[in-house]
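Reviewing the structure listed below.
The values are calculated or read from the model by the stated rules, or taken from the named source; none is laboratory data. Every value quoted in this text rests on a predicted model; they were computed, and no experiment measured them. Cβ sites come from the backbone with ideal geometry, for glycine too, and all protein chains shown count toward neighbours. For accessibility, only protein heavy atoms count, side chains too; no ligands or nucleic acids. Shrake-Rupley method; radii C 1.70, N 1.55, O 1.52, S 1.80 Å.
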Amino acid sequence: MEPVRPTMLEVDLSALRHNLDVVRAATGDAQVCAVVKADAYGHGAAVVARTLLDAGAAWLAVALVEEGEALRAAGIEAPILLLSEPVGRGRDPRPAARRLLDAELVPSVATTSFADALAAEADERVGAHLLVDTGMARVGARTEAVGELLDHPGLHVTGAWTHLARADEDVDTTDRQLARWDAVVTQVRARVPNAVIHAANSAGTLRHPRSHFDLVRAGIVLYGLSPAPGVPATSFGLRQVLRLRTGVSFVKHVAAGTPVSYGHTWTAPVDGWLATLPIGYADGVPRIASNGIEVLLAGRRLPQVGRVTMDQTMVFCGEHRPSLGDEVVLLGGQGDGFVSVDEWAAAADTISYEIPCQLTARVPRVHLG
Ligand SMILES: *Cc1c(COP(=O)(O)O)cnc(C)c1O
């Protein structure tokens, strides 16, 4: 059935295609692996994946076996890279290895123990990308261990990759990581001349051409959000894909001095109109951003006031009387106005990535264009 509530997340697929074009223009010959983990950063993984594959992305990447399985269940046949070794629920990695093989995901392998688990579950050598730590210290083989992984009898190494820790902010660290990586690339290519080599995330893609190699793993930029705090996405020519909208659910006039919402953290400075919106922190409006964000209503940018509550949020409209059902845009454009995800990230003291990931399943995703 149609949702009753007017709150929804619109996902602009033409903006998504545009952002892929921006990435492809920046990367030339390198192919694009669209990172669609975490439900495509909250945008809806299956639709986003299909759209980007149709528009020229060659690969997909996910964080979890379950995410890869969901894409397969949606009928997606493109290569899907799993971005870490899945450990599974016990100490034995074989059940997780079985699942990723059944879903035909491309494993990233960093340890001989996981290579052993893959080999135990497969009848033939398992196609895999080696995952090498060159300075992130999260997951990945030490560079010294690459040789024994290349020699592993259960693996058919088809690619190798590393992950940059500071591509968004620091050139020297990135250069040092890439220098370490170059030595690994030489070693891998000596054994597997056509191995798919990759290192770049979004920041590497847009800011460090030297990190492009054969494939770039682009996530945040495809959604039109900035990979670098303080650098607006528009400066890269990107278009924000998501638009979060709702409608006015309650209208009242308040006198100057009226305190609003839990804790009375805001008080009306003058007489005026107060609009209530049917959206709150249970939908992903960060409570910590209370009194720190603005919305678009009838062509005006208006302040959100008082504490964001679980299901409802208030906006002060001053002398402008809102009507029940008026469209309110919390993120994205309305008329000439625009609210960026970066604004919310600043108000919530976080990075752009966290904002769409926190928009909860209670908000229906509507794909347009
Ligand atoms: C999430 C992730 C990416 C994508 O990062 P963006 O900054 O969103 O482009 C790329 N590679 C790995 C290993 C990741 O975990």
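Worth pointing out:
- Sole exception among (1) among the hydrophobic types (A, V, I, L, M, F, W, C); (2) within 30 Å of Ala233 (Cβ to Cβ); (3) not in a strand (DSSP E or B) for Leu131, by number: (3)
- For region 204-223, the criterion of being at positive phi, surrounded by 14 or more Cβ atoms within 10 Å (Cβ to Cβ) and more than 16 Å from the ligand (Cβ to nearest atom) is satisfied by no residue at all.
- Of everything listed in (1) more than 16 Å from the ligand (Cβ to nearest atom); (2) surrounded by 17 or more Cβ atoms within 10 Å (Cβ to Cβ); (3) over 24 Å from Val62 (Cα atoms); (4) in contact (Cβ under 8 Å) with a residue 24 or more places away in the chain, the single unmet condition for Asp283 is (3).
- Tally, over region 13-62, of residues that are touching an Asp or Glu at 6+ places or on another chain (Cβ under 7 Å) and either open to solvent by 30 Å² or more (accessible area, probe 1.4 Å) or at pLDDT below 95 (or both): 2
- The residue of region 237-249 that is farthest from Leu330 (Cα to Cα), among those that are surrounded by fewer than 22 Cβ atoms within 10 Å (Cβ to Cβ) and touching a helix residue (DSSP H, G or I) at 6+ places or on another chain (Cβ under 7 Å), is Gly237.
- Hits in region 317-354 - residues which are over 15 Å from Gly230 (Cβ atoms) and open to solvent by 30 Å² or more (accessible area, probe 1.4 Å): Glu319, His320, Arg321, Ser323, Leu324, Gly325, Asp326, Glu327, Gly335, Asp336, Phe338, Glu354
- Strands (runs of 3 or more DSSP E) contained in region 1-98 and holding at least 1 residues within 23 Å of Ala233 (Cβ to Cβ) and touching a residue at least 24 places away in the same chain (Cβ under 8 Å): 8-12, 31-35, 59-62
Yes/no per residue for (1) in contact with a Pro (Cβ under 8 Å, 6 or more places away or on another chain); (2) over 21 Å from Glu69 (Cα atoms):
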position: Arg99; (1), (2): yes, no
position: Ser113; (1), (2): yes, yes
position: Ala117; (1), (2): yes, no
position: Ala128; (1), (2): yes, no
position: Val139; (1), (2): no, yes
position: His163; (1), (2): no, yes
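- Every test in (1) closer than 29 Å to Arg189 by Cα; (2) modelled with pLDDT under 95 is passed by Gly90 save one, and that test is (1).
- Looking only at residues of region 157-184 that are open to solvent by less than 10 Å² (accessible area, probe 1.4 Å) and over 20 Å from Thr111 (Cβ atoms), we find that the one that is farthest from the ligand (Cβ to nearest atom) is Leu178.
- Matching strands (runs of 3 or more DSSP E) fully within region 233-294 where at least 2 residues are in contact with a Pro (Cβ under 8 Å, 6 or more places away or on another chain): 242-247, 272-277
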